[in-house]
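See below for the structure under consideration.
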Amino acid sequence: MTTTAPGTAPAAAPAGAVPPAPAVAALDTPERRYRMLRLIRSFEERGLDLVKSGVITGGIHPYIGQEAVAVGVCAALGARDRLASTHRGHGHVLARGLEPARLLAELAGRTGGSNRGRGGSMHAADLRLGILGANGIVGAGAPIAVGAAWADLRAGSDAVAVAFFGDGALNQGVLLESLNLAAMWRLPVLFVCENNGYATTLPAGTAVAGSATGRAAAFGIPAAEVDGMDTEAVRTAAEEAVARARAGGGPGFLECRTYRFEGHHTMERRMKLHYRTPEEVAAWRERDPLPRAAAAIGAERAAALDAEVAAELAAAEEFALASPHPDPAGAADHLYASGLRPRAGVVA
Ligand SMILES: Cc1ncc(C[n+]2csc(CCOP(=O)(O)OP(=O)(O)O)c2C)c(N)n1
Ligand SMILES: [Mg+2]
């Protein structure tokens, strides 16, 4: 696996062919990090349109507002590292290097998608990039990352595995079990809690006893609270935790305080829910990570990168929408690993 600058269009592979291995996104400069923030933001904004127009069915959980977490954490990773994502996972997989064309094709259920159109938004994966998958089960990425870290450690690799999860996972037993195993076995895992203040409509303040970092501390895992609207603050904290884990120092935990500017899910737009005040949303929008990152590279450079991203996304959409839907006759394909024998008594 190589690391190259983002922005390359996916090669048009013939139907059924395995596309070439994509490159882990290089996020090693402020310009590249800004570009990725913009790519995720614009991808999600276009995603909202495509849900509205019915091109993406089933809806999405928009990541808009939280981009600094995905970009800051992925900037701290190396080519062999892995990540387990969440139901709000587009930012994570894009920041890792999944081509927007293949993610969009996946969201639209097309064969050119990362999962051949069979997974959709909440299952986007690419094992060649170490993306172990988005995940519709709250907290379920944590044991997957722990398992990956354990396997890599046993194989003699120095890879680190990241588990992203929201504040809603803080009360899931599986997260606590994962923290325990990671600490007991000194596994190279970085637990990243994206605390956006709400689990669907439930405010974290009314649901989470104690604190996120307190849970990590209970297992002896070093934990830090980070401004999740500041890409550079997230990156610095993630680099420190990743370096420690890679050197055999065991797991780390970051609580990134962030906010989603959109609803929990695109369905929410039609539901007229009132669980956040307009003032609260406006106050967090003031802390948007994009203008901050743009200021660091200068307005002119940021505008040039915005134009580059717009062109990349237009090409991505063209690729995704030209890609066919899977043949319904193959609906049962890939459900079982090949070579498995049928269970006794089951007629093949
Ligand atoms: C185990 C489990 N319980 C409940 C749900 C339903 N559900 C989907 S998203 C969500 C809220 C998750 O909140 P959080 O973890 O804070 O992530 P956020 O949506 O804020 O990114 C819930 C309860 C689920 N998918 N899985
Ligand atoms: Mg949340």
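The values are calculated or read from the model by the stated rules, or taken from the named source; none is laboratory data. These figures come from a predicted structure and were not determined experimentally. Cβ: placed from backbone, ideal geometry, glycine included. Neighbour counts: every protein chain shown. Just so you know, the surface numbers come from the protein's heavy atoms only, side chains and all, with ligands and any DNA or RNA stripped out. Shrake-Rupley method; radii C 1.70, N 1.55, O 1.52, S 1.80 Å.
Key figures
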read-out: The chain, relative contact order [Cα under 8 Å, separation at least 6], %; value: 21 percent
read-out: Radius 15 Å from Cβ of Gly120, net charge of other residues (Lys, Arg +1; Asp, Glu -1); value: +3
read-out: Length released on extending from Met267 to His334, taking residue separation times 0.36 nm less the Cα-Cα span; value: 21.2 nm
read-out: Dipole magnitude of the chain about its Cα centre (Cβ charges: Lys, Arg +1; Asp, Glu -1), debye to nearest 20; value: 820 debye
read-out: Cα gyration tensor category, rounded, prolate or oblate, for the chain with a/c compared to 1.5; value: rounded
read-out: Segment 23-176, accessible surface, carbon-and-sulfur percent (1.4 angstrom probe); value: 53 percent
read-out: Debye, to nearest 20: dipole size of segment 176-258, +1 on Lys, Arg Cβ, -1 on Asp, Glu Cβ; value: 300 debye
read-out: Within a Gaussian network of the chain (alpha carbon springs, distance under 10 Å), most fluctuating of Ala145, Ala316, Ala331; value: Ala331
read-out: Shape of segment 18-109, Cα gyration tensor, a/c cut at 1.5; value: prolate
read-out: Test item: Cα-centred dipole of segment 218-348, Lys/Arg +1 and Asp/Glu -1 on Cβ, debye; value: 700 debye
read-out: Highest-fluctuation residue, Phe219, Phe191, Phe165 considered, GNM on the chain with Cα pairs under 10 Å; value: Phe219
read-out: Top of Ala75, Ala218, Ala169 by mean-square fluctuation, Gaussian network on the chain, Cα under 10 Å; value: Ala218
read-out: Fraction of beta bridges assigned by DSSP in the chain that are antiparallel (%, nearest 5); value: 10 percent
read-out: Fraction of alpha-carbon pairs over 22 Å apart in segment 200-295 - percent; value: 46 percent
read-out: Per residue, in Å², the accessible surface of the chain once ligands and nucleic acids are set aside, probe 1.4 Å; value: 45 Å²
read-out: Inter-probe distance in nm under a simple model that places probes 7 Å from Cα toward Cβ, at Glu45 and Trp185; value: 4.4 nm
read-out: Separation in nanometres of the label points that stand 7 Å from Cα toward Cβ, at Ala307 and Ala247; value: 4.5 nm
